[in-house]
Each structure stands twice: as structure tokens, then as C-alpha cells.
There are 2 protein chains.
Amino acid sequence: MADYVRECLERTERYLTDKLIPFWATRLAEPEYGGFQANYDRHGCRTGVTEKTLLCQARSIFVLSHVARMGFEWPGCREMIAQGIAFLLRQFQDPVYGGYYWICEADGRVKADAKVIYGHAYLVYAFAEHALLTGEDRSREEAARLFDLIASRAADLRHGGFHEHFTRAFELACVRPDGVHAKSFDVHMHLMEAFTTLYELTREAHHRRALEQVIDLIFARMIEPEFGVGVSMFAPDWTPVPNVQLNTLWGSDRFDVKGKPPEVTSYGHNIEFAWLYLHSQDILGRPRSECTERVVPIFDHTAERGVDWEHGGLYVEGPRDGAATETNKEFWQQAEALVGFLDAYLLTGDEKYLKAFRNVHDFVFDKMINYEVGEWFPLLDRRGRVLWDYMGHNWKICYHTLRATCQVVLKLRQIVAGRRGQAPSRRGE
Amino acid sequence: MADYVRECLERTERYLTDKLIPFWATRLAEPEYGGFQANYDRHGCRTGVTEKTLLCQARSIFVLSHVARMGFEWPGCREMIAQGIAFLLRQFQDPVYGGYYWICEADGRVKADAKVIYGHAYLVYAFAEHALLTGEDRSREEAARLFDLIASRAADLRHGGFHEHFTRAFELACVRPDGVHAKSFDVHMHLMEAFTTLYELTREAHHRRALEQVIDLIFARMIEPEFGVGVSMFAPDWTPVPNVQLNTLWGSDRFDVKGKPPEVTSYGHNIEFAWLYLHSQDILGRPRSECTERVVPIFDHTAERGVDWEHGGLYVEGPRDGAATETNKEFWQQAEALVGFLDAYLLTGDEKYLKAFRNVHDFVFDKMINYEVGEWFPLLDRRGRVLWDYMGHNWKICYHTLRATCQVVLKLRQIVAGRRGQAPSRRGE
């Protein structure tokens, strides 16, 4: 496998610097009003969508800062981030109730004034990563201030964890047709991710404690250890509930009317959680070797049930103890599986994870990347035929593809350097 | 009983205005350095203790503001509060880690820099009550800011509720010899009390939600409905643990080495909780009649097990299903029982509660009040002989005696006016 790893590293590095970074470096900033815009068609041309989502602004600030901090900065990168932060602070902040709006028009007028914790998690992540890159006090203070806002508005003091959906005035909002004020694995995972980078920045006791508590909560309430899978949705008291389409503008998951029972698990979320958890342990100063028991069941379930060993790539979802039920291949699950399987190999040395990585990497590089412009198609069928063909929209930004490609380069470098079993270093050197 | 109520009202009003208010109006402000000082001996002379506790500063600001807002203001009252707030903001605030220190020297130098949530609950209460009295923006903003601080530093995101003891830097501190990071009924009750007044002030959705969640948490985790009693102490996951002496400067409860098992309940805390809960429902806009099922078991247990029907007054504590085991009579339990039994009578019309009130009121007015100077002795034996004789110290301030006496006057006025069954009005008019 040594030759494969070296060739794969070379191929991935070349794609990252020649194709993927240039795609976003020339497109992500929105020149007319400022901020970021991710709506591009398969030819890399702007679509008719002009609105700007909080998620796009926050993820763009995060990922640009992250890529730069990993050592892949390009000229103008920091200026691009700075104009995005200026637009975000000017247009998305609510001066009355605090927090940030969910969607604005191109020029910054408020379009949807809901307060969504998912978006606020990414704001913490974005400002913390930017402060780590630049040392800027304003970003550091805004990250810490947003943590306080999330804790004081969204923490569930009765059952632990966080409420996720609010009106502008931070009244609880119900976004499910069944009236349940649900809590989700997805949002709590991204809060873990945000608190990890916040703690990396501040080293403050209460940020560390929040990170540790969210991790404990996820393992206690949201992961089924016997299967190594996550459960998607819960009532406030942590009773699992079906995963259903939300009555809010949110992502592009696909649902039928009755939703998905709690037994249906997302392979992509599971493996994304596993590697983000391992990363959180690095930041907390704990050896990855102590995490083996917790993460190996997750990696194994993903490799055994989630990988399409016939046609390649990671399926969308399936029951925890059976075969996949949505066999299409969506972009973000591939991205997170690439990072996760490399981490699994680095942790255990088991070649089966490197094989799973190779399976997904081949699928992405042979079928999912649109080499005409450099980004990934959002959705292919099981055999790799394109179902959806845009390069970006309000919920497909560069967060998954760009971060994962950088992380793959760093982790492959680590393997090539023979440093398996060590905690990963910044820049993979 | 009508004659009794009228005579009792007269006697209580006279005592309040002629004795109790003058005692504190002339003594609470500390003239040399500012702030408040409650260390007075049985003759009303300053003792040798000069340090100033956060609890004394916060409770003094609260109770002075409260008394004034109830209609019992005296000339100079607001100036006394203002100098106390100035001292508190100048000397107790931590400019580095946020929050307020636990104990300062007379001149304001920091003596104990721990961050204790009990003290911070009273700060919220103090600033909110002061803002309600005066309309001052600074007090309103500080109350809201303190809420955010408590939520972001102390909320237990894993199990709900709040952690209670921290170092200066908001690391969790262990103050029990058995190493348990305990949560307590006492602190959560006073957080409920603080959030009630905060919500009365701000009417903000997240303050209302915090209040509702803490109430639900207390009833779900800390009250045993079959007995109508509270449990004092819990592990972080809500397993009851013994109530033991804390390794921190804290109150003047009396413990032996092995502590008290969870079955031992505090009659004073139980009835204090019941009436503070009823008050919270007024502020939330819910009819008291809907609370009957929740509070009657508490009032009944207190009347049946807690009241000394032979010698008068309320015992300290006992097992939930047996006779009192500490039969001394401490000041604060009497104060809270006076208010609680009047609320029980006002809610149900059952004369047994008026009898229990009369029992405790007679005991206080015949035995506990030190008429020489006007405050209450802190501890009597079962028959009413004085065991401890100071009028105030760092943990016996005017919070219980002055608030309860004002509340008794208001509630007796309500009974005299024939308005039983209605929510109590401000000033009892």
C-alpha cells in the first residue's frame, strides 16, 4: 500500500492546489455587496439564487481560515475573509435580541430572522478559527461572546444539551410537523466541533468543560455503542423520535412524508463524528489510544454497512443492523469518510480502513469531482451517475470538500512520514 | 380567627416599622469603606469580624430594594443601596475571569477568590430587584449579564441544572470531603428565586424558559412528591448523596462527621421553596390554583412534621417519614414558615395553616425576637432558650427576617381585606 499512499497524496495535493482552491478562491467572495456566495452551477457560473445564508457566511469564514492555517493559503485569502466578517457583523447581527439572523438578501436586508443554533455553532467555529489564524482580538472576543449567547439562550437546564430552533426573540420555535422541539445528533456534533476550536483558542476552563460535557452527552444519549451508530433526533428528554423534514430552510436532505425511524442511521454523520471526536481529544490533550473502544465500533459499522464495496463510495443511510436503504452517493458523506477512514487507519494500523479510504477516494476522484471546474457534484446514484449537478448552493458550500481534501493531504503526509500512531501535527509535517 | 389576624397584622406592622427596619437602617451600611456589614452582637454592637461576604452585599442590596418596593421605604434607603452597589462593583468584580469574588476584607481587598453560584444567584436577584425599584439601566444590564455568566459557566450541559462551586478561573471546585461535585436543592431554589425576579424585570423569553426549566427540574429531581419534601444534595447525575459540611466558608448549618443521609429533610427549605414557587407562578402569569397539587403535600408535611405543636416554632430537620431529629429552632426557618403558612392558607382557606402560622408567629414574637435591639436571635433550643445570641453575622443578614416580616404584613393585609384566593398584589393593598 506504500506506493498507493504516495501516489494518492500526490494526486490529492495536485487536485487541491490546481483545482479545488482556485475554484473557491475566485468565486466565494461576493463582489457587489460583500460576504460570501456559493450558488454556482455545473459550469461554475452563478445561479439565479442571490440570498445569503448564515451557514454559508460562517462556514466560509471557518474554512478559509482553516485552509490558511493548515498551510494552504493563497494571496488575497485573508482579505477575502476580512470582507466576509465585515459583511456578517454589519448585516447578520441582531442589535435588539442578540445573535445572528438565519438568511439575508444579497444586499444584507433580513430575509429570515430566526435564530438557529446550528448556524451559531458555525459562528463560534468561524471566529475561533479566524482568531487562531490571525490572533485578532475581535474574532476571539466574538467567539467567546457567542459561546455565552448559545449557553444562556439555548442550553436545556432541565435535560442537558441544547435546544436548537428559536424565533428572533429567542422563544423556542417548533420546526417539526409533529410539534416536537427536537434535539439532534447533527447539531450537538457541530457544537462539539465548535467548542473544540474555541477551547484550542482560549484554553478557558468553562470552554473545556462545555466540550467535555457535550462529548459525554453524545456518547450517553446519541450513540448506540452496540452498533456503533448515531441516532438522529430526540425529544427534549432524549427519547428518540423520527427524523423528519423541518419546516425551515435547512440543508437538502431527502424525506418522504412519514420521515425516518430512529433506527435509520447516517453513515456520513457517524464517521464525521468519530474523526471530529478524535480531534477533540487531541485538543483536550488526551491520547487517541484511549479512544479506541469508543470509535472502532463506529468506524467498523461505517466500513461494513456504509461503504459500497461493489460500486464504490459511501451510501447515505440505512438501518443500524441491516443493508443501506438510500444507496445514492452524496458529496459530504464521501468527504467525511475520507478523513475518518484515514484516522481509523492512523489509530489502529488496520489496513481494512485504508482499503475503505481507497474505495471512497477512487469513487470521488473518478466519479464525483467535476474536473471541468474543480468542485464535486452534490448527488450521484449508486453507480456514480450524476443526479444533481450544481457545484454549490446555500447548503453546499466549500466546508466539506475543502476541509476534507486538506485533511486528507495532511493525514497522507503523516502516513508517508511514518508517523502513524502519533497525534497529527498542524500541516501534517 | 378574624380578630387574631387583625391583631397580628397590627403587632407585626408595629414591630417592622418601630424595631426591625430601624435596626438595619442604622447598621447595615459600613461607613468606613462602603458596602454592607452584618456582624452585630446581641446588644447591636459590631463584633470583631470585619470581612465582607458576597452573600451579605448581594442580599442587602436585594432586601433593601425589596422592602422599598413593597412600600416600606425610609429616608436614605436608596442612597444606602447605591453606596453598596458602588462598593460591590468596585471591589468584588473580577476583571480577569468575570464574576464576583466570594469574600473581601473590610477595605475590599480580596480574601477568598472562589466563584460560588449561590452568591451569583443573589447578585441576579439583587440587581433585578434594584432595577425594578429604580428603573436603573445599569442594574438591569448587570442582572442580565450575570444570568449569561451563570448559564455559560455553571450550566451542566450533560445532566441539566447547575454546578455550584468554582475556582476563580471557573474550574470546577470540589468542596466536599467525599470528592462529589454536588448539586443542591438550596442553590437551585435560590436560582429559581433569582430567575423569577429577573423575568419580572425583563420579560425576556430566555429568562422565562430558564425559570420554567429550573422549576421542572426541581420537581422532577429534588422533591419527593409522596412525602412532600426536598432532598438536599445530589451527585451531578442527580443521585441523592448525604448532606455534609462543605470545605468552604458557607452558612452556619451544623453537621457531625458523617453528615446527614438524603432522607433527612429541611422543613425550612421545603416551605421556603413552596412559597417561592407560588410567587414564581404569579410572575409567570399562571393561576395559583393550578399549583395546589404540587404544594399542598409540602405545606402538610411542614405543618405535621416540622411544627413543634408543644413548644412552638419550626424544627430544623428530620427524616421525611418520622419525627424531627434536630429540634432546635433556628431563625430563618421560622421566617420562611411564617410566609409559607400564610400562602397555604390564602391558597386553600384551610384554617390548619393559619394555626400553624399562629404557632410560629407566637414563638418568634414571644421568644426569638430580641426586643432590646429588634433583630432575632439566630438559634434557640426546643423550648426557646437562647443558644446563640448574635444579631447578625456574615451568613445571618437581614434577608430572611426583613423580607419575611414585610411579606407577612402584606399577606395579613390581604386576608383582612378579604382577598383570599386572589394572587397577592404588590404592597398587599
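Run down the aspartates and glutamates and flag those whose C-alpha is under 14 Å from the C-alpha of A:K329, throwing out any fewer than 8 positions away in its chain.
A:D253, A:D308, A:E310, A:E317, A:D362, A:D366, A:D381, A:D389
For the stretch B:18-113, restrict the atom set to alpha-carbon positions and state the Rg and Dmax in Å.
Both quantities, over Cα of the stretch B:18-113: 13.5, 45 Å.
Show me, for the stretch A:284-297, the HN-Hα J-couplings you get by feeding each phi into the Karplus relation (A = 6.51, B = -1.76, C = 1.60, θ = phi - 60°), rounded to Hz, glycine and proline as x.
3J(HN,Hα) across the stretch A:284-297, in whole Hz: 6, x, 10, x, 4, 4, 6, 9, 3, 4, 6, 9, 4, x.
Relative to the Cα centre, what is the charge dipole magnitude of the stretch A:1-148, using +1 at the beta carbon of each Lys and Arg, -1 at the beta carbon of each Asp and Glu, and rounding to the nearest 20 debye?
Working: 18 positive and 21 negative charges, 39 e Å.
That gives a dipole near 180 debye.
Counting each DSSP H run of 4 or more residues in chain A as -39500 (n - 2.57), what helix-only mean residue ellipticity at 222 nm follows after dividing by all residues, to the nearest 500 deg cm²/dmol?
Values: 13 runs with 190 residues, N = 429.
Using -39500 (n - 2.57) per qualifying helix, the result is -14500 deg cm²/dmol.
Restricting everything to alpha-carbon atoms, can you work out Rg to Rh for the stretch A:200-344 with a Kirkwood hydrodynamic radius? Could the numbers behind the result be given before it?
Numbers: Rg = 15.8 Å, Rh = 16.2 Å.
In the stretch A:200-344, Rg relative to Rh is 0.98.
Before anything else, pin down the relative contact order of chain A: Cα pairs under 8 Å, at least 6 apart, normalised by residue count, whole percent.
On the way: 763 pairs, mean separation 74.8, N = 429.
Result for chain A is 17 percent.
Can you send over the solvent-accessible area of A:H159, 1.4 Å probe, protein chains only, in Å² to the nearest 10?
50 Å²
For A:K352, B:K411, give the ranking by accessible area with the largest first, probe 1.4 Å.
Values: A:K352 80, B:K411 10 Å².
Largest accessible area first, the list is A:K352, B:K411.
Starting from 0.36 nm per residue, how many nanometres of slack lie between B:R383 and B:D282 once their C-alpha separation is accounted for?
Details: separation 101, 0.36 × 101 = 36.36 nm, distance 3.72 nm.
In short, 32.6 nm is gained.
If one puts a single equal scatterer on every Cα of the protein assembly as shown and applies the Debye formula without solvent, what log₁₀ I(q)/I(0) results at q = 0.09 Å⁻¹?
-0.90
Three principal axis extents, largest first, for the C-alpha atoms of the stretch A:119-164, in Å?
Ordered largest first, the stretch A:119-164 gives principal extents of 38, 14, 12 Å.
Top to bottom by accessible area (1.4 Å), largest first, where do A:K111, B:K183, A:K258 land?
If we order A:K111, B:K183, A:K258 from most to least accessible, we get A:K258, A:K111, B:K183.
What does the charge dipole of the stretch A:1-41 about its Cα centre add up to, to the nearest 20 debye, if the Cβ of each Lys and Arg holds +1 and the Cβ of each Asp and Glu holds -1?
Numbers: 5 positive and 8 negative charges, 14 e Å.
Dipole of the stretch A:1-41, to the nearest 20 debye: 60 debye.
Skipping prolines and chain starts, which residues have an amide H placed within reach, meaning under 5 Å, of the one on B:G99, given they are 5 or more residues away or on another chain?
Under 5 Å from the amide H of B:G99: B:D94.
Taking amide hydrogens as modeled 1.01 Å from N in the peptide plane, which residues meet the under 5 Å criterion relative to A:S266, leaving out close sequence neighbours?
Residues meeting the amide H criterion: A:G230.
Run the 1.4 Å probe and let me know the accessible area of B:E7, rounded to the nearest 10 Å².
Estimated to the nearest 10 Å², B:E7 gives 120 Å².
If you bin the C-alpha pair distances of chain B every 10 Å from 0, what whole percents do you get?
So the P(r) values, bin by bin, are 5, 23, 35, 29, 9, 0.
Jot down the per residue volume, in cubic angstrom and as a whole number, of the convex hull over the alpha-carbon atoms of the stretch A:310-410. Present the calculation step by step, with values, prior to reporting the outcome.
Working: hull volume 11.0 nm³, N = 101.
Per-residue hull volume (Cα only) is 109 Å³.
State the Cα centre-to-centre distance between the stretch A:349-426 and the stretch B:19-61 in whole Å.
First find each Cα centre; the distance between them is then 68 Å.
Hey, what's the Kirkwood Rh for the stretch B:155-278 if you take every pair of different alpha carbons, in angstrom?
Evaluated on the stretch B:155-278, it is 15.3 Å.
Taking the Cα centre of the stretch B:73-200 as origin, sum charge times position over the Cβ atoms of Lys and Arg (+1) and Asp and Glu (-1), and report the length of that vector in debye to the nearest 20.
On the way: 13 positive and 19 negative charges, 73 e Å.
The dipole magnitude comes to about 360 debye.
What distance in nm lies between label points placed 7 Å from Cα along the C-beta direction at A:T47 and B:A417?
Using points 7 Å along Cα→Cβ, the separation is 6.4 nm.
Compute the FRET efficiency between B:E293 and B:E73 as 1/(1 + (r/R0)^6), taking r as their Cβ-Cβ distance and R0 = 30 Å, and round to the nearest 0.05. List each step's numbers first, then the result.
Working: r = 38 Å, r/R0 = 1.26.
Between B:E293 and B:E73 the formula returns 0.20.
Averaged over A:205-217, how many beta carbons belonging to a partner chain fall within 10 Å of each residue's beta carbon? Could the numbers behind the result be given before it?
Working: counts 9, 13, 3, 2, 11, 5, 1, 2, 7, 2, 1, 3, 4.
Average per residue, whole number: 5.
For the stretch B:86-193, what's the radius of gyration and Dmax over Cα atoms, in angstrom?
Rg and Dmax of the stretch B:86-193, Cα atoms, are 14.1, 45 Å.
Answer with one residue from A:G392, A:L9, A:V360: the one whose Cα lies farthest towards the positive end of the charge dipole of the protein assembly as shown, charges on Cβ with Lys, Arg +1 and Asp, Glu -1.
Farthest towards the positive pole: A:G392.
Can you return the aspartates and glutamates within cross-link range of A:K52? Criterion is Cα-Cα under 17 Å, with same-chain partners fewer than 8 residues away left out.
By straight Cα distance, A:K52 reaches A:E30, A:E32, A:D41, A:D94, A:E105, A:D107, A:D113.
With a 1.4 Å probe and all protein chains in place, put B:R383, A:R140 in order of accessible area, largest first.
Details: B:R383 140, A:R140 90 Å².
Reading off the accessible areas and sorting them downward yields B:R383, A:R140.
In the stretch B:213-299, if every C-alpha pair distance is counted and binned at 5 Å from zero, what percent goes to each bin?
3, 13, 21, 23, 18, 12, 7, 3, 1
Considering only Cα-Cα distances, which of the following residue pairs are longer than 31 Å: B:K111/B:K411; A:K111/B:K115; A:K19/A:K411; B:K111/B:K396?
Working: B:K111/B:K411 41 Å; A:K111/B:K115 42 Å; A:K19/A:K411 20 Å; B:K111/B:K396 19 Å.
With Cα atoms farther than 31 Å apart: B:K111/B:K411; A:K111/B:K115.
Which of B:I271, B:Q407, B:Y118 sits farthest toward the positive end of the charge dipole of chain B, with +1 on the Cβ of Lys and Arg and -1 on the Cβ of Asp and Glu?
With unit charges placed on the Cβ atoms, the residue in question is B:Q407.
Among A:V49, A:M80, A:L64, whose Cα lies farthest out toward the positive end of the dipole of the stretch A:45-107, if unit charges sit on the beta carbon of Lys, Arg (+1) and Asp, Glu (-1)?
Going by the charge dipole, the pick is A:L64.
Any idea of B:Y101's accessible area? Nearest 10 Å², probe 1.4 Å.
20 Å²
The values are calculated or read from the model by the stated rules, or taken from the named source; none is laboratory data. Values in this document were obtained by computation on a predicted structure and should not be read as measured data. Every residue, glycine among them, receives a Cβ derived from its backbone with ideal geometry; neighbour counts consider all protein chains shown. Heads up: the accessible areas ignore ligands, DNA and RNA and are worked out on the full protein's heavy atoms, side chains in. Shrake-Rupley method; radii C 1.70, N 1.55, O 1.52, S 1.80 Å.
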